[in-house]
Every structure is written in structure tokens, then in C-alpha cells.
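Asks: Dropping a structure here in C-alpha cells format, bear with me for questions.
Just so it is clear, none of the values below were taken in a lab; they were calculated from the coordinates. These numbers were taken from a predicted model, which means no experiment stands behind them. Cβ placement follows ideal geometry from the backbone for every residue including glycine, while neighbour counts extend to all protein chains displayed.
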2 protein chains.
Amino acid sequence: MDENQELNERFEQLTQALNETDIQKFREVFLDLHIYEQGQFYQSLDESQRQIVYTYLSPKELADMFDVIEEDDEHMTEYLSEMRPGYAADMLAEMYTDNAVDLLNTLDKKQVAKYLSLMPAEDASEIKELLHYEDETAGSLMTTEFVSIVANQTVRSAMYVLKNAADVAETIYYIYVVDTDNKLVGVISLRDLIINDDDTMIADILNERVMSVHVGDDQEDVAQTFRDYDFLALPVTDYDDHLLGIVTVDDIIDVIDDEAASDYSGLAGVNVEEVSENPLKASSRRLPWLITLLFLGMATASLISHYEELVSEASILAVFISLITGTAGNAGTQSLAVAVRRLAISDDKEKSFMRTVIGEVLTGLVTGAVTGLTIFAIVAVWKQNPILGFVIGMAMMCAITVANLAGSLIPMLMDKLGFDPAVASGPFITTLSDLTSVLIYFNIASLFMNYFIR
Amino acid sequence: MDENQELNERFEQLTQALNETDIQKFREVFLDLHIYEQGQFYQSLDESQRQIVYTYLSPKELADMFDVIEEDDEHMTEYLSEMRPGYAADMLAEMYTDNAVDLLNTLDKKQVAKYLSLMPAEDASEIKELLHYEDETAGSLMTTEFVSIVANQTVRSAMYVLKNAADVAETIYYIYVVDTDNKLVGVISLRDLIINDDDTMIADILNERVMSVHVGDDQEDVAQTFRDYDFLALPVTDYDDHLLGIVTVDDIIDVIDDEAASDYSGLAGVNVEEVSENPLKASSRRLPWLITLLFLGMATASLISHYEELVSEASILAVFISLITGTAGNAGTQSLAVAVRRLAISDDKEKSFMRTVIGEVLTGLVTGAVTGLTIFAIVAVWKQNPILGFVIGMAMMCAITVANLAGSLIPMLMDKLGFDPAVASGPFITTLSDLTSVLIYFNIASLFMNYFIR
């Protein structure tokens, strides 16, 4: 693609400028890049090259780039620790507060204290304020760099305030209106300011029905509000309606991505976010799950072992074990996915709890009946043994119903107990359903034992 | 919550106003709501109530609300068909073009032609232009309501253009600069306009390195650009760089949501987007998958049937069938999830193809070896039979490696053939892996048959 080619050329120019220590050429090309592309280039360098970059760029210029870099914690810590502490502190002070806080949260407390002591007192206190908000809340997402005004002024004077704030504010497209006690009383968009006359009073065009989120709200709920209302930013308040900060849509996109990846990871029983290509590392992350499930699977094996005599008398039973466990596992995975999704989008979890579980069990009965009838017909024809077909079909129906019950009940209970429902992963449900399916299968088979052996 | 209570109260006032046919009160309360809340109220009504609403609100007022309603196609079609055709056409004309197009795409061609013929010619031609873009491309996401200017003017005159366009444009926060041939030459943000003096020439402050997407680009790639660069809007161009429209961040959030839900649905083998609480409907959607997989499972069953004699001689073999198929299935699901994710975030799919598959096979060998050794030790102790333990462990290792191969290779091939890799669902991989696992297991068992039977 043309754009990629052009970018590669620029990256080559930059590398050349670094090698030739041509600071002027480097700055010219580098500062003309979009900050995301600056980050891509920076991340492609080795340490000795990065050290040159730190001498070529001001803390403010580096801060703009760091505002958009998305890297794992390990690398971020490395970048910070290789800078002169004073330079790093200045850069942190120049970053948007929310991003600086995210970066500092990857360090240990001693390091954080060091950087805070090295930066201007005002910046340090802004950062300190945000540092103590809990992870995954509105407070941890918000920035304090917003524009707020009082209602008792004209559009002209508000535009003047905005002009002065435009350099530091993370967004200037919403202006929040507060009373003298800093309580949020309204919002006005830059669009409103632009279409109204300069002499209009803010109080007259102010939107008083301002949506806001509380500082302790879960980030998923905040994301849901953005999705529903199509906002570009939302104000964050404390329980007394004081305006504390704003959350912007770019941070919300990251939240939506993270939540989606974590739901997806849960369903697969593997963390897809840390996609490492090193098979040893990958194995060490997947093995705990596999081995845990292996022991659960051993329970199933010892259950079958318990029925070994039955199997030796009727080895035909062994033929259908994997069919029944497999089909029930598939059904359970479907239920699990639906239940986790329902939890994510439901406003009234109490109500959806019972409805989902009952709905899934009924769905299990219906799908189980159809699947059971199908397998009954197949076995009756294939093995010329309708009673065996009945046993397999009956077991299939019960196993699917129980798998649907487990698939929906377990995530719902997890959620009720305050855990992330996505932790009830697909592999866990299928392995658990293996156990119940085998139990059901052999019990039904025992009952009819005398009828289908010929 | 207070906000919910307040909203409920307003909804009650509105219902009362409808019942009392108090148009003034209705309009006062309704138009004071956020458009998303208006939509919630509207969707809670029955048809006779909605008919009153259509007489109380202008097409423009209804259009604002319809711009944010997210409902399934069935309901949207119902809403449109119950309005007077002329009213519906006026409303469609007043909506943002991209949303009107989305709505029209749910109707059949005849209906679309009817509405287009009833609306003002200019609006109809704007909509027609967008109607023929393929689904899930930048073209299908874009709107034509943007602000574009030529470079040869001052900030003051640009602000004047903006002021006039603010009413209809979907965003005014980026202004796109074009040459006389309507080719995109740069971009300027409203923030830039505000911080610069009124007499500055646009040409002097213009950002010429404007990112854009092509009209045929896949919506996933467009979303990735938004994520990387934190844009609020992106211009869409044809292959000759002519500016055709813009994509805004609110549409991108919907895309990200849809893509996440579809990946998640794929992994679970169930469409979680259509979360219906009716068990019959739910069953009818899940059964095709379950029955298809049942037939694949029958292949596994007939394979075991082929080895029935072996099982009747050594019924102990039956004990470990579900353990081996289950564990291999879990490993295959992990591989699948990682491969699908890698495809989603990879820029160079050719390169990642071989690396992912080889990486997953190596990971399979390592996890398989560890899991195999574990089960060898357990069986050797539990059943006092090290040779049986060796058979199970060996089968486990091979089955896991093959499951990892299938889990990574199948989505990669799907992608290469132009299908959505997420279609290679988790249930499909586990059911397929049941088959290969059983094949591996009984073949290894046959080889060592004479050694472990005592």
C-alpha cells in the first residue's frame, strides 16, 4: 500500500538521521509524523538508539507520543527506567494525567514516589489524586484536564476560556458548567457555542439534563453509557455531584476491546491478550488450566472405571461415550456463551438470573429431545437395536439439559458472588459436563441393561 | 438509582400525556429527553400509542430519535410500515444519511424505491449514492454530512462555513480540506481553528498528512485505524483520493461490538447477538449446529465401534476415552482462540500463518508432553499398570498436538480462502478433535494391546 510505503521511507530517514546524529533532520521528520506513528518508530528502536531520541526530543514532545503508546507493562517500565529520572518525571508531568497514572501504576511505590518528588508540585498533586482510584472504575479512566465554566457569562467569554484551555484539555468539544461549589449543573457542546451568537448567555443555552457517571462506577457500565448515548466524553462526579474529571471515548474503546478480549479468553480458557509466539511461554500459561481440567477429567474416568464391569459385558456402550459427552459439551458451551452475554448487557441482573437459567433448561429440553430422537433413529437402524437407541437418546436428552443448566447457572452464580462470570470458561463447562453426562449415561444404561444386550 | 427513578417518572408523565391526548405536555417532556431515552420510551409503546406519537412529532424530531435507535430489523421494518408513507419518507430524509441507508437496507427493493420517490430529490440522491456500497465496508459506514473547505481562506471564513454547516453535519470537529477537484489535501481540527487567530490562512495551519480510508476497505481495518490513532472521525476516499464521506467514532464502536460478538459467537457455536428468551426460537437456532456436529460425532462413534472387539477384551480402555478426547478438545479450543485473535490483529497474515501454526504445534508438543507425563504417573499408580499409563500418556500427547494443529490450521485456512475464521467454531474443533483423538488412542492401544492386558 502507498501509505505503508511512505511510512517505511520516513522510518528509514529517521534511522539514518539517528545514525548520522543529524538532530535537525530527525526532529523535522519525526515531529511531522502522527503521534501513533512516532510511537511505532520509537518501539522499533534498541536502547542505544532510544537514548539518542531522549536527547533529541523535549519531555513534552516525548509525552505526546507516550500518550498513545500501547505496550505491555514490562516494556513501559523499561522505557521509563532507562531515562534520566528528571527527564522521565518531566515527561510524566506533561502527559495527560490519566495516561501518566496508568504508566505509574506499572511501577512499584518507591519508584512512583521518586518521580512525583521530581516533578512540579501542581502536576504531582493532580496525579496523586488519581492514583488512589480503584482499577476498572470510572475514576481510573478519567482525566482532570477538562474545561469547566460557570453559567453566568456570555458565549464570547466562554470561547475565550476555551481558547486558553485548548492546549492542555484532553477534549474541548464539551464544556462542563459548574456552580460556585464546583457542582455539575449542565453541559454545553462546542457545537452549541459555535451556532449561537457571541452575546448569548451560557445559562440560556445550557443543557441541564447532563448525564454523568460516578467515580466508583464499573468501567463496563461507563462503556455501556457511551455506547447507548454516543457521547464523545462523559463527566465524572463524586456522590455529592462535584465534578472530578472526564472520561473520553478513546479510553472507552480500549475498555470495550479489553472486555471483549477477556470474555473471549474466558470462553476459550486461554488468555488471548498475551499472544506470545514462544511455545514454552505459551505452554506455561496454558498448562495450569489443562492440568486442572485433567484432574476433573480423572473424576469422569474413575466414574467410568466404576462401571467397567458393565462395559465389559456390553462393550457397545463404549462406542457412544464420546458422542454423548461431546454433544452435551457443545450444548453447554452454547448456554454458557448466551448466559455470559446476557449478563454483560442486562440492566436488571436479578430478573435475568432466573429467566436465563429457566430459559436455558427449557432450550436444553427441546434441543435434547430433537437430538435424542435423531440419535435414537440412527442407532435403531444402524445397530438394529431400538432399546439401545432409546438408552442413548434418553441419555443424550438428559445430558444436554444438565449441560445447559450448568452452562447458564455457573456464570450467573459467579456473577452473583462477585466474580467475573467469564471465568467459568468453555473448557471448564465441557469437562464438567463430561462428568455429568457419563453419570447419566451409565445410570440409564444400567436400568435397561437386560433389555439391550442380546 | 436516582437517575433511573427520574427517567421512570418522566416516562410515566409521557404515557399519561398520551392517554390524555395532551400534545403540549407530551412535546415538552419528550423533547427534553436525550434522544437515546426518547428511543427507549418509543420502543416501550404499543402500536396505537406510537400512532399518536407520529401525529405529535415532526418527521425531523422523529428522525433525531431514529438516528440512535438500535433494534432488530424486524421491528424497524414494522415501525416504518405503520407510518404514513409520506411521513416515513420525510423522516428518512431528515436522518443522517448513513443511518437512513442502514434502515432502508432492511427493506425490500420495492419499498426502498417507494420511499425514495416520496422524499426531496436531493436527499434521495444522497441516499441512493450510499445504498450501493457493500456491507461491512467503509462505504457502508460513512455519511456524506461532513464539512469540507478549500485551503485558500482565513480561519474566520472557515468558522463561518462551519457555523452554517453545524446544523446538518454529523461532526464539526474535523474540517476536511479539498482542492478544486474535490481531492482530499488535508485536515484541520476545530481545536486548531479555535486556537489560531481569525486572520490566519487555512493553508498555513493545515495538516497535510491526513489519514484516510478507501471506500472499499473492510470495516475491521477501519476500526483498527480508529483504535490506533484515537480519531473521532476519518475521511473516506475513492481510489483517486476524492473525498466521498466520513466515518465517525460512534459507528466504529458499533463495529467493534459487532466484531467482538461475532468472534465470541463463533467460538461458542451460537449467535449470542440474537438473545431471545423464547426456548423454541433459541432451540431452532442452535439445533442445526448441534445436529451437524452430532453427525460428525457419529463418525467418532463408528470409529470406536470398529474397535469394539478391542474394548470388549480390554474394557479399561473405555475408561480413558472421555479423558483423552476432553483434554485434547480443551487444548484445541485454546489454539483456536489464539489463532483467531492473531488473525484479527495481524498486519502481515502471510507471515503469521506459518508462525502461528508451527508455534501452536510446538506448544501442543510441550503441553502434550507435560499432560501426558502427568497422566502416565497417575495411571501407573492408580491402575498399577505402567504400560497402560504409557499408552494413555502417549495418546494424550499425540491427541493434544493434533488438536493444536487443527485448532490453528483450520481458522488460518478459512481466512486464506476468504471466509471469516471465526466460523471455525470451538464446538466444531472439539468434535473434530474427538475423532482424531479416538483414532490416535485406539491405534496406539492396539500396538501395545498384548502388554497391558493382564
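Asks: What is the projected area of the convex hull of the Cα atoms of region B:3-131, averaged over all directions, in nm²?
Replies: On the way: hull surface 30.2 nm².
Answer in nm², one decimal: 7.5.
Asks: What does a probe at A:Gln153 reach in region A:189-204, counting residues whose amide N is under 12 Å from the point 7 Å along Cα→Cβ?
Replies: Within reach of a label on A:Gln153: A:202-203.
Asks: On a 0 to 90 degree scale, rounded to 10, what angle separates helix B:85-94 from the longest Cα axis of chain B?
Replies: Helix B:85-94 and the main axis of chain B meet at about 90 degrees.
Asks: Using modelled backbone amide H atoms (1.01 Å from N, in-plane), which distant-in-sequence or interchain residues come within less than 5 Å of B:Leu107's amide H?
Replies: none
Asks: Taking 4 °C and 1.567 mPa s as the conditions, I'd like the Stokes-Einstein D for region B:179-236 in µm²/s, using the Kirkwood hydrodynamic radius from alpha carbon pairs.
Replies: D = 99 µm²/s.
Asks: Region A:177-277: which trypsin sites (Lys or Arg not before Pro) are DSSP loop and have at most 16 other beta-carbon atoms within 10 angstrom?
Replies: The qualifying sites are A:Arg209.
Asks: Calculate the spin-label point distance for B:Ala299 paired with A:Arg84, positioning each point 7 Å from the Cα along the beta-carbon direction, and give it in nanometres.
Replies: My value for the distance between the label points is 6.7 nm.
Asks: Here's another thing I want to ask about it. Summing -39500 (n - 2.57) over the DSSP H runs of n ≥ 4 in chain B and dividing by its residue number, what mean residue ellipticity at 222 nm do you reach, to the nearest 500 deg cm²/dmol?
Replies: Calculated mean residue ellipticity at 222 nm is -22500 deg cm²/dmol.
Asks: So, one more: What is the packing order of peptides B:366-375, B:51-60, taking the mean over residues of other C-beta atoms within 10 Å and listing the highest first?
Replies: Values: B:366-375: 22.5, B:51-60: 16.0.
Ranked from most to least packed, the peptides come out as B:366-375, B:51-60.
Asks: Another question about this same structure. Tell me the net charge near B:Val155. Cut-off is 13 Å between Cβ atoms, B:Val155 excluded, with +1 for each Lys or Arg and -1 for each Asp or Glu.
Replies: After counting each charged neighbour, the total is -1.
Asks: Using amide H atoms built 1.01 Å from N in the peptide plane, name the residues 5+ places from B:Gly186, or on other chains, whose amide H lies under 5 Å from its own.
Replies: Under 5 Å from the amide H of B:Gly186: B:Val177.
Asks: If you keep only loop residues by DSSP, which chymotrypsin sites (Phe, Trp or Tyr not before Pro) in region A:213-263 have at most 12 other Cβ atoms within 10 Å of their Cβ?
Replies: Listed in order of number, the matching sites are A:Tyr239.
Asks: Right, next: Which whole-Hz couplings ³J(HN,Hα) result when phi for each residue of region A:177-182 is put into the Karplus expression 6.51 cos²θ - 1.76 cosθ + 1.60, θ = phi - 60°, listed in order with x for Gly and Pro?
Replies: 9, 10, 8, 5, 8, 6
Asks: Ratio of alpha-carbon Rg to the 2.2 N^0.38 Å globular estimate for region A:279-451, to two decimals, please.
Replies: So region A:279-451 has a normalised radius of gyration of 1.13.
Asks: Filter the GluC sites (Glu not before Pro) in region A:148-224 down to the DSSP loop ones having no more than 16 other Cβ atoms within 10 Å, then list what survives.
Replies: Here the GluC sites (Glu not before Pro) that fit, given the DSSP loop and packing criteria, are A:Glu208.
Asks: Here is a follow-up. If you average 1/r across every pair of different Cα atoms in chain B and take the reciprocal, what Kirkwood value do you get, in Å?
Replies: The Cα-based Kirkwood calculation yields 26.8 Å.
Asks: Here is a further query. Neighbour counts of other C-beta atoms within 10 Å: give me A:His306, A:His34 arranged from fewest to most.
Replies: Lowest to highest Cβ neighbour count: A:His306, A:His34.
Asks: Among DSSP bridges having both ends in the protein assembly as shown, what percentage is antiparallel? Round to the nearest 5.
Replies: 75
Asks: Here is a further query. Share of antiparallel DSSP beta bridges in region A:148-268, in percent to the nearest 5?
Replies: Approximately 70 percent, going by the DSSP bridge assignments.
Asks: Give me the Debye-computed log₁₀ of I(q)/I(0) at q = 0.23, 0.27, 0.30 Å⁻¹ for region A:13-73, equal point scatterers on Cα only, no solvent, two decimals.
Replies: -0.96, -1.34, -1.61
Asks: Using a Debye calculation, one point per C-alpha and no hydration shell, please list log10 I(q)/I(0) for the protein assembly as shown at q = 0.04, 0.06, 0.07 Å⁻¹ in order.
Replies: -0.22, -0.50, -0.67
Asks: Give the nm distances, rounded to one decimal, from A:Phe11 to the matching residue in every other copy, measuring between label points 7 Å along Cα toward the beta carbon; shortest first.
Replies: List, nearest first: 5.2 nm.
Asks: FRET efficiency for A:Asp254 and B:Asp181, Cβ-Cβ distance as r, R0 = 45 Å, nearest 0.05? Numbers along the way, then the final one.
Replies: Details: r = 38 Å, r/R0 = 0.85.
Once rounded, the FRET efficiency stands at 0.75.
Asks: Go through region B:141-146 residue by residue and turn each phi into a ³J(HN,Hα) via Karplus (6.51, -1.76, 1.60, θ = phi - 60°); whole Hz please, and just put x for glycine and proline.
Replies: Couplings: 8, 7, 10, 9, 8, 10 Hz.
Asks: Say a label goes 7 Å from Cα toward Cβ at A:Glu134 in every copy; what distances in nm does this one have to the rest, shortest first?
Replies: 4.8
Asks: Against the longest alpha carbon principal axis of chain B, how many degrees, from 0 to 90 and to the nearest 10, is the axis of helix B:426-452 turned?
Replies: It works out to around 10 degrees.
Asks: Only counting other Cβ atoms within 10 Å, I'd like A:Thr200, A:Thr237, B:Thr300 sorted with the fewest neighbours first.
Replies: A:Thr200, A:Thr237, B:Thr300
Asks: To continue, here is another question. Give me the base-10 log of I(q)/I(0) for region B:295-386 at each q in 0.14, 0.15, 0.22 Å⁻¹, Debye formula, one uniform scatterer per Cα, rounded to two decimals.
Replies: Cα-only, vacuum Debye calculation for region B:295-386: -0.73, -0.80, -1.12.
Asks: Now a separate question. Just the Cα atoms of region B:148-268: what Rg and Dmax do they give in Å?
Replies: Expressed in Å, the Cα Rg and Dmax of region B:148-268 come to 16.3, 59.
Asks: Highest mean first, how do B:146-156, B:311-321 rank when packing is the count of other Cβ atoms within 10 Å averaged over residues?
Replies: B:311-321, B:146-156
Asks: Near A:Gly368, within a Cβ-to-Cβ distance under 14 Å, what is the net charge of the other residues, with Lys and Arg +1 and Asp and Glu -1?
Replies: Summing Lys/Arg as +1 and Asp/Glu as -1 gives 0.
Asks: To continue, here is another question. Shortest first and in nm to one decimal, what separations exist between A:Asp254 and its copies in the other chains, measuring from label points 7 Å along the Cα-to-beta-carbon line?
Replies: 2.6
Asks: Taking beta carbons within 10 Å but only from partner chains, what does the mean come to for residues B:224-232?
Replies: Taking the mean over all residues of the peptide, I get 5.
Asks: Determine the shape class of region B:225-276: with a ≥ b ≥ c the square roots of the Cα gyration tensor eigenvalues, call it rounded for a/c under 1.5, and otherwise prolate if a/b is greater than b/c, oblate otherwise. Intermediate results must be reported in sequence, preceding the final value.
Replies: On the way: a/c = 2.97, a/b = 2.50, b/c = 1.19.
Prolate, because a/c is 1.5 or more and a/b exceeds b/c.
Asks: Also, I was wondering about something else. From other protein chains only, count the Cβ atoms within 10 Å of every residue's Cβ in B:356-369, then give the mean.
Replies: Going residue by residue through B:356-369 and averaging, the value is 4.
Asks: How many angstrom lie between the Cα centre of region A:311-373 and the Cα centre of region B:386-454?
Replies: 24
Asks: Right, another one. Work out the mean other chain Cβ neighbour count within 10 Å for the residues of B:248-261 and drop it here as an integer.
Replies: On the way: counts 2, 7, 7, 1, 2, 8, 2, 0, 5, 5, 0, 1, 7, 6.
Mean shielding by partner chains, rounded to a whole number: 4.
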